[in-house]
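Undergrad: Sharing a structure with you now.
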Amino acid sequence: MSKRNLIGGHWVSAAAFSENRNPARPEEVIGLFARGSAEDAEQAVAAAAEAFPRWAAASPQFRADTLDRAGSLILARKGELGRVLAREEGKTLAEATGEAVRAGQLFKFYAGEALRLAGEAIDSIRSGVDVEVRREPLGVIGLITPWNFPIAIPAWKAAPALAFGNTVVMKPADLTPASAHLLAEILQEAGCPPGVFNLVMGPGSVIGAALVEHPDVAAISFTGSESVGQGIAEGCARSRKKLQMEMGGKNPMVVMADADLDVAVPACINGAFFSTGQRCTASSRLIVEESIHDAFADRMHQAMSELVLGDPLEAATQIGPVASESQLCGNLGYVELARQEGAEVLGGGQLDRLGYFQAPALFLNASNEMRVSREEIFGPCASVIKAQDFEHAVALANDTEFGLSSGICTTSLRYAREFKRRSEAGMVMVNLPTAGVDYHVPFGGRKGSSVGSREQGRYAAEFYTSVKTAYTFAV
Ligand code: NAD
């Protein structure tokens, strides 16, 4: 059945529908999803604006109960959600089910946060005057999300937005609308009042842009590419909206000579290639101390040859397809570029089978200056860059316009401590893959990777609330 948009508590049809296809079997249509218009976005914003005062004034217990029910429903339906997600995005069923679980946990976490939102009481410098600092919701929030985490990212934006009393218009990625549609169904079932959560599917340049420009949208939270983010930042500056953006990465993983390669190699394989490398936190620059470079490269080669690529729904599969044909073409273009730039390319070819499958690629003897080491590829490709020593490794790790995640594999407490302090990234991992984060602590980056305050954990309140300072003179 064709899937419609959710506007003001009603499933609303659209003038056109788009096919959602399985990247592992491109002939398989998962469903038809509404291709909304600017008018649909306009109506959704109107519904969200109308619903806002009651939702904002509702008891935090009511909001907590609604979110908690949504969390329970997501967890109860994790198998179905995981299957849909794996079919539309291409990550393995285990990863996809794990992502659905994470979405459920996020709703449960923010159910609690709805009750824990606290202000401050401060003595005034004037006698007889009290000062209170309160956190209040912003209003209608536009949420614009990417295709690579089609249930977790909508959840980690929608749950805090709703918990703190805002209403939402969500615009999911065109490539993966099914997971967000299921989330909308679940929020309805959980008893979210009409207009509190609205879903408008369709092209970003139409729906996303309409949200960015709309005067009744108070804030935009965006996750996606740098190029789209730049346009959104300009639009939000014009319409004076609060803005939060999480964008690309070129995340370094440093492997020191003292590292335990039984830890470092799996961490690099996971960080670079799992989820087909389609994670903003993927380890796309492996910075290896010269003295162990050859041993590391041999171990990586061996581990790569053992990876099982295949249909995401098969239990043995470790790496699924690339999410779309255009993404695959882009990745293959970067593999060719790596050769032209003088790297020795290991793997990286398209598999001779149906679907958008690509073998993981290592670019050996890469330099940090090559385009393949500077631009986000967003596929199963990683540069291996030699470092002379720790100082050189830190300098290389920080020599990037991005700053989302970074990692170091070492058995030295001193190197671990120094790296955590000197890394110019929002998240730093020691002896762990650069990807794979907890949901109850802040997530986000520095430099070109992020704009605005952090997502997730208690820090999400910074974005989804506004502070009011109230003075009272008790006459
Ligand atoms: P994208 O920028 O192409 O699209 C993201 C969203 O923006 C989609 O919903 C899209 O429809 C919408 N959009 C497109 N044009 C728009 C416009 N003109 N106005 C408003 N909205 C518009 O990104 P993508 O290809 O879906 O996702 C991949 C990118 O996301 C990568 O660069 C990746 O690094 C990034 N990402 C970052 C994080 C993070 O937290 N830092 C997490 C996941 C993905």
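Undergrad: Taking 0.36 nm per residue of sequence separation and subtracting the Cα-Cα distance, how much length would be gained by fully extending the chain between Glu189 and Glu418, in nm to one decimal?
TA: Values: separation 229, 0.36 × 229 = 82.44 nm, distance 4.92 nm.
Gain on stretching Glu189 to Glu418: 77.5 nm.
Undergrad: Just to confirm, what accessible area per residue do you get for region 320-475 at 1.4 Å probe, in whole Å²?
TA: Values: 7040 Å² over 156 residues.
For region 320-475, the solvent-accessible area averages 45 Å² per residue.
Undergrad: OK, next. Of all the Cα-Cα pairs you can form in region 159-293, what percent are over 22 Å apart?
TA: Values: 4897 of 9045 pairs.
Result: 54 percent of Cα pairs exceed 22 Å.
Undergrad: Whole-Hz ³J(HN,Hα) for each residue in region 184-195, computed from phi via Karplus 6.51 cos²θ - 1.76 cosθ + 1.60 with θ = phi - 60°, x for glycine and proline: what do you get?
TA: Couplings: 4, 4, 5, 5, 4, 4, 6, x, 5, x, x, x Hz.
Undergrad: Leaving out ligands, DNA and RNA, and with a 1.4 Å probe, what % of the accessible surface on the chain is carbon or sulfur? Write out the running numbers ahead of the final one.
TA: Details: 9670 of 18790 Å².
Roughly 51 percent of what the probe reaches on the chain is carbon or sulfur.
Undergrad: Give me P(r) over the chain, computed from all C-alpha to C-alpha distances, binned every 10 Å, as integer percentages.
TA: 4, 20, 29, 25, 15, 6, 1, 0, 0
Undergrad: In nm, to one decimal, how far is the Arg25 label point from the Asp352 one, both placed 7 Å along Cα→Cβ?
TA: 2.3
Undergrad: Using modelled backbone amide H atoms (1.01 Å from N, in-plane), which distant-in-sequence or interchain residues come within less than 5 Å of Ser367's amide H?
TA: Close amide H contacts, sequence-distant or interchain: none at all.
Undergrad: Now for a different question. Quick one: Cα centre-to-centre distance for region 108-153 and region 37-54, in angstrom?
TA: When both Cα centres are located, 22 Å separates them.
Undergrad: Separate question: Measure out, as a whole number of angstrom, how far apart the alpha-carbon centroids of region 436-453 and region 282-313 sit.
TA: 26
Undergrad: Based on the inverse mean of 1/r over its pairs of different Cα atoms, what is the Kirkwood hydrodynamic radius of region 351-427, in Å?
TA: Numbers: mean 1/r = 0.0699 Å⁻¹.
Value: 14.3 Å, from the Cα pair sum.
Undergrad: Further question: Using every Cα-Cα pair within region 251-430, state what percent have a distance larger than 25 Å.
TA: Working: 4511 of 16110 pairs.
Above the 25 Å cut-off, region 251-430 has 28 percent of its Cα pairs.
Undergrad: Ranked from highest to lowest mean number of other Cβ atoms within 10 Å per residue, what is the order of the peptides 52-59, 277-284? All intermediate terms of the calculation are to be shown ahead of the outcome.
TA: Working: 52-59: 15.0, 277-284: 27.2.
The densest-packed peptide leads the list: 277-284, 52-59.
Undergrad: Taking amide H positions as placed in the peptide plane 1.01 Å from N, state which residues far from Val254 in sequence (5 or more) or on other chains have amide H under 5 Å from it.
TA: It is Ile287, Gly407, Ile408, Cys409, by chain and number.
Undergrad: Also, quick follow-up: Once the Cα atoms of helix 78-89 and of the chain are each reduced to a long axis, what angle between those two axes, in degrees from 0 to 90 to the nearest 10, is obtained?
TA: Compared with the principal axis, the helix lies near 60 degrees.
Undergrad: What angle do you read, to the nearest 10 degrees and between 0 and 90, between the alpha-carbon axis of helix 93-116 and the longest principal axis of the chain?
TA: The answer is roughly 40 degrees.
Undergrad: For the residue pair Val263 and Glu344, what label-to-label distance in nm results when each label sits 7 Å from Cα along the Cα-to-beta-carbon direction?
TA: According to this spin-label approximation, the distance is 2.8 nm.
Undergrad: Here's something else I'd like to know. At 222 nm, what helix-only mean residue ellipticity would the chain give, in deg cm²/dmol to the nearest 500, using -39500 (n - 2.57) for each DSSP H run of four or more?
TA: Rounded to the nearest 500, it is -12500 deg cm²/dmol.
Undergrad: Okay, moving on. Counting Lys and Arg as +1 and Asp and Glu as -1, each charge on the Cβ, what is the dipole of region 251-430 about the Cα centre in debye, to the nearest 20? Kindly include the intermediate steps, with their values, before the conclusion.
TA: Details: 13 positive and 24 negative charges, 85 e Å.
The dipole magnitude comes to about 400 debye.
Undergrad: I've got another one for you. Hull surface divided by four, with the convex hull built on the Cα atoms of region 25-174: how many nm²? Can you show the working numbers first?
TA: Working: hull surface 46.1 nm².
The Cα convex hull of region 25-174, projected and averaged over all directions, gives 11.5 nm².
Undergrad: Right, another one. For helix 152-163, report the angle its Cα long axis makes with the longest principal axis of the Cα atoms of the chain; keep it between 0 and 90° and round to the nearest 10°.
TA: 20
Undergrad: In the chain, what % of DSSP beta bridges are antiparallel (nearest 5)?
TA: Details: 32 of 73 bridges.
Taking every DSSP beta bridge within the chain, about 45 percent pair in antiparallel fashion.
Undergrad: Still on this structure: Assuming R0 = 56 Å, what is the FRET efficiency of Glu336 and Ala76, from their Cβ-Cβ distance, to the nearest 0.05? Before the final figure, lay out each step's value.
TA: Numbers: r = 46 Å, r/R0 = 0.83.
According to the calculation, E is roughly 0.75.
Undergrad: Ok, one more. To the nearest Å, what is the center-to-center distance of region 1-24 and region 327-351, using C-alpha atoms only?
TA: Measuring centre to centre over Cα atoms gives 36 Å.
The values are calculated or read from the model by the stated rules, or taken from the named source; none is laboratory data. All values reported here derive from a predicted model rather than from experimental measurement. Positions of Cβ are generated from backbone atoms using ideal geometry, with glycine treated the same way; all protein chains shown enter the neighbour counts. SASA here: full protein model, heavy atoms, side chains in, ligands and nucleic acids out. Shrake-Rupley method; radii C 1.70, N 1.55, O 1.52, S 1.80 Å.
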